[in-house]
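The structure appears right after this line, and notes come after that.
Taken together, the values in this text are just the output of simple stated rules run on the coordinates, not laboratory data. Everything numeric here is computed off the predicted structure, so don't read it as measured data. Positions of Cβ are generated from backbone atoms using ideal geometry, with glycine treated the same way; all protein chains shown enter the neighbour counts.
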Amino acid sequence: MRTSAHDVIIAGGGPTGLMLAAELALAGVDVAIVERRPTQGRVGGRAGGLHARSLELLDQRGIVDRFLAAGRTWPKVSFHAPLDIGDFPTRHNYLLALPQERTERLLAAWVEELAVTVYRDREVVGAACDAHGVDVVTTQGVPLRAGWLVGCDGGRSTVRKLAGIGFPGWDASTGWLMAEVRMREKPVPGFRQDASGRHAMSLLDDGETVGVVIAGRDPRVRSEPTLQELAAALKDVYGTDFGVHTPAWLSRFNDATRQADAYRKDRILLAGDAAHIHPPLGGQGLNLGMHDAVNLGWKLALVAKGSAPEALLDTYQAERHPAAARVLRNTIAQGVLRRPDDRTAVLGDFVTEMLAMDEPRRRFGAMIAGLDVCYDLGPGHPLLGRRMPDLDIVTDAGPIRVYTLLHDARPVLLDFGGAGPLRTEGWDDRLGRVTAICDAACELPVIGAVALPPAVLIRPDGHVAWTGDRDGLADALATWCGRPALPA
Ligand SMILES: Cc1cc2nc3c(=O)[nH]c(=O)nc-3n(C[C@H](O)[C@H](O)[C@H](O)COP(=O)(O)OP(=O)(O)OC[C@H]3O[C@@H](n4cnc5c(N)ncnc54)[C@H](O)[C@@H]3O)c2cc1C
């Protein structure tokens, strides 16, 4: 039997796997997805929207309008209380309400445009690394071989287990039952708080289907939920089962919080829920996975093409593990604040009061929106390690936005004219060079206005890798753009 070979195989075509596949394809890597589901169809109710930084990432690739056209914007995010982000310095100062299924379908369509191979209805069940690559065993079809395997296969990741990567953390302390159903009786949309937690009911857009979330369930129960179980739970909380019938789906989730102790082992990497799980408070999980994908994609592309040493991949763990750990901690804190006892409610009132103040609102809002991430690239200008703002600039060719320069996922050296001669020989084949004038204020979330440096090196993920007038540029290029090409 012949083996199909690719540079990179991604196990799992959820939001993380799709985003990563697109990033690798843009960088010219032969990438394939192996996905268990036969279609991109819905898997129960999951993410309800995209946060500001995720929208910026999609803007950096020129596809954000597709998402904006499909959803509704809302100027608030949530950390225990609603936090207004309408005054944040970003073009996307809102949450985009968009069901996960639609996000996935839009990403899948983009991946198709980029001609990524997708093996559907197949599951990764085995992986064996050697010095040059990974043999990937799937449930059907020809065996696969790749230089690298990335597990984007969700919280119960098979790839993580095959690689023997630990997943330490907090066991679940409580669980939820979730469903979309029809009801013979009139539903009561809104929240209901009782001794077992905060329950929710909402009427969906079709005017007939009711979304239900029942809190306080035993997190140890793993069986598929049934309509009878939901009816009994509704009766416990609301005193009636509403004549519930015809479930579109039923599912359960819990507050288990875990993180992979390594994001890479040999030629196997992890991203998204495969690397971290946490309760869905603040709506951050899908977003976090997209951010992992955009951090990893260009690095893995450089290594897979032999242009950069494997050490570049160490920066993936160094940057993304702390970013996810912070999200895990904020979801634990939010979960504790929701505990249904009177004393916790008092604490919650104080936190709400604090978050109504401007500075906490800005800090916590930026954290949930993913706008405050700063990778530790050493001391220097406030932009260093942070996301580059989408400034309006003017080049010889006319006005343009900075994010437009990132559409093809290549690093960009942006010269604002105050720098000395910027030498980039050896990297010109993979680097965009732009000289521009910028009159706009350079304002960062939480930090405020900062002076624009003479020049910036922007990585393909939009984070600033170097600022200055000349010194240190060659080192930054060697670190982030791979080995210099030899002179012809
Ligand atoms: C109730 C609930 C509400 C949520 N709300 C939000 C929210 O509002 N905002 C937010 O950002 N996040 C939210 N999340 C979290 C979000 O759904 C996840 O973080 C997100 O789906 C993770 O994406 P992923 O691609 O990493 O993993 P998944 O979405 O789990 O995708 C994994 C993919 O891998 C496939 N797969 C699994 N095993 C294999 C295998 N062995 N071989 C091949 N394919 C395989 C699966 O079929 C799946 O398509 C919520 C989650 C839940 C449960």
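What do you get for Rg/Rh of the stretch 184-316 when both radii come from the Cα atoms and Rh is the Kirkwood radius? Show your work: numbers first, answer last.
Details: Rg = 21.0 Å, Rh = 18.2 Å.
Looking at the stretch 184-316, the ratio lands at 1.15.
Tell me the angle of helix 342-355 to the major Cα principal axis of the chain, expressed in degrees between 0 and 90 and rounded to the nearest ten.
30 degrees
Find, among the trypsin sites (Lys or Arg not before Pro) in the stretch 416-480, those assigned to loop by DSSP (not H, G, I, E, B) with at most 15 other beta-carbon atoms within 10 angstrom. Write out the running numbers ahead of the final one.
Details: sites: Arg423, Arg430, Arg433, Arg470; in loops: Arg423, Arg430, Arg470.
When the trypsin sites (Lys or Arg not before Pro) of the stretch 416-480 are filtered for loop state and at most 15 Cβ neighbours within 10 Å, Arg423, Arg470 remain.
Could you work out how far helix 358-369 tilts from the main Cα principal axis of the chain, as a 0 to 90 degree angle to the nearest 10?
Rounded to the nearest ten degrees, it is 90.
I'd like the FRET efficiency for Arg192 and Gln228, computed as 1/(1 + (r/R0)^6) with the beta carbon distance as r and R0 of 30 Å, rounded to 0.05.
Numbers: r = 21 Å, r/R0 = 0.70.
Calculated value: 0.90.
Can you compute the charge dipole magnitude of the stretch 346-488 about its Cα centre, using +1 on each Lys and Arg Cβ and -1 on each Asp and Glu Cβ, nothing else charged? Give it in debye, rounded to the nearest 20. Can you show the working numbers first?
On the way: 13 positive and 20 negative charges, 64 e Å.
Its charge dipole is roughly 300 debye.
Could you give the distance between the Cα centres of the stretch 179-242 and the stretch 339-387, to the whole Å?
32 Å
Using a simple spin-label model with points 7 Å from Cα along the Cα→Cβ vector, what separation in nm is obtained for Asp205 and Thr435?
4.9 nm
Just to confirm a number: summing +1 for Lys and Arg and -1 for Asp and Glu over residues other than Phe167 whose beta-carbon lies under 10 angstrom from that of Phe167, what do you get? All intermediate terms of the calculation are to be shown ahead of the outcome.
On the way: positive: Arg156, Arg160, Lys161, Arg258; negative: Asp261.
Charge balance near Phe167 sits at +3.
Counting each DSSP H run of 4 or more residues in the chain as -39500 (n - 2.57), what helix-only mean residue ellipticity at 222 nm follows after dividing by all residues, to the nearest 500 deg cm²/dmol? Mind showing how you got there, number by number?
Working: 11 runs with 140 residues, N = 488.
Roughly -9000 deg cm²/dmol at 222 nm, from the helical runs in the chain.
Return the long-range amide H neighbours of His463 (sequence gap of 5 or more, or a different chain), with a cut-off of under 5 Å between placed amide H atoms.
HN-HN under 5 Å from His463: Met388.
Any idea what the relative contact order of the stretch 205-318 is, in percent, if you count C-alpha pairs under 8 Å spaced at least 6 apart?
Numbers: 80 pairs, mean separation 18.4, N = 114.
That works out to 16 percent.
Report the convex hull volume per residue for the stretch 1-55, counting only C-alpha atoms, in Å³.
Values: hull volume 5.5 nm³, N = 55.
Dividing the Cα hull volume of the stretch 1-55 by its residues yields 100 Å³.
Rounding to the nearest 10 and keeping the result within 0 to 90°, find how far the Cα-based axis of helix 15-26 lies from the longest principal axis of the chain.
So the inclination is approximately 20 degrees.
What are the extents of the Cα atoms of the stretch 298-379 along their three principal axes, listed from largest to smallest and rounded to whole Å?
Computed over the stretch 298-379, the largest-to-smallest principal extents equal 59, 26, 19 Å.
State to the nearest 20 debye the size of the charge dipole of the stretch 150-304 about its Cα centre, where the only charges are +1 on K and R beta carbons and -1 on D and E beta carbons. Don't skip to the answer; put the middle values down first.
On the way: 18 positive and 18 negative charges, 100 e Å.
Using Cβ point charges on Lys, Arg, Asp and Glu, the stretch 150-304 gives about 480 debye.
How large is the Kirkwood hydrodynamic radius of the stretch 374-488, in angstrom, based on all distinct alpha carbon pairs? All intermediate terms of the calculation are to be shown ahead of the outcome.
Numbers: mean 1/r = 0.0698 Å⁻¹.
Roughly 14.3 Å, rounded to one decimal.
Suppose each label sits 7 Å from its Cα in the direction of the beta carbon; what would the Val450-Arg220 distance come out to in nanometres?
The two pseudo-label positions are separated by 5.0 nm.
Nearest 5 is fine: what % of DSSP beta bridges in the chain come out antiparallel, could you say? Display every interim value, and only then the final one.
Working: 63 of 86 bridges.
Antiparallel: roughly 75 percent of the beta bridges in the chain.
Taking every DSSP beta bridge that has both residues in the stretch 15-122, what percent is antiparallel when rounded to the nearest 5?
Working: 9 of 13 bridges.
Counting DSSP beta bridges with both partners in the stretch 15-122, the antiparallel share is about 70 percent.
In percent, what relative contact order does the chain have, based on Cα pairs under 8 Å that are 6 or more apart in sequence?
Numbers: 1028 pairs, mean separation 82.3, N = 488.
Relative contact order for the chain comes out at 17 percent.
Which value, in Å to one decimal place, does the Kirkwood hydrodynamic radius take for the stretch 1-134 when every pair of different Cα atoms is included?
Taking the inverse mean of 1/r over all distinct Cα pairs, the stretch 1-134 comes out at 16.5 Å.
Could you point to the residue in Gly49, Gly385, Ala440 farthest towards the positive end of the chain's charge dipole, with +1 and -1 charges on the Cβ of Lys/Arg and Asp/Glu respectively?
Gly49
Please work out the Cα convex hull volume for the chain and give it in Å³ per residue.
On the way: hull volume 75.2 nm³, N = 488.
In the chain, the Cα convex hull volume per residue is 154 Å³.
Defining a contact as two alpha carbons under 8 Å apart and six or more residues distant in sequence, what relative contact order in percent does the stretch 276-401 show? Write out the running numbers ahead of the final one.
Values: 75 pairs, mean separation 22.7, N = 126.
Relative contact order for the stretch 276-401 comes out at 18 percent.
Give, rounded to the nearest 20 debye, the magnitude of the charge dipole that the chain has about its Cα centre when Lys and Arg contribute +1 at Cβ and Asp and Glu contribute -1 at Cβ. Display every interim value, and only then the final one.
Numbers: 54 positive and 60 negative charges, 204 e Å.
So the dipole magnitude of the chain works out to roughly 980 debye.
Could you name the lysines in cross-link range of Lys299, using Cα to Cα under 26 Å and dropping any fewer than eight places away on the same chain?
Lys161, Lys265
If you take every DSSP beta bridge fully contained in the stretch 336-488, what fraction is antiparallel? Give it as a percent rounded to 5. Intermediate results must be reported in sequence, preceding the final value.
Details: 17 of 22 bridges.
Percentage antiparallel, nearest 5: 75.
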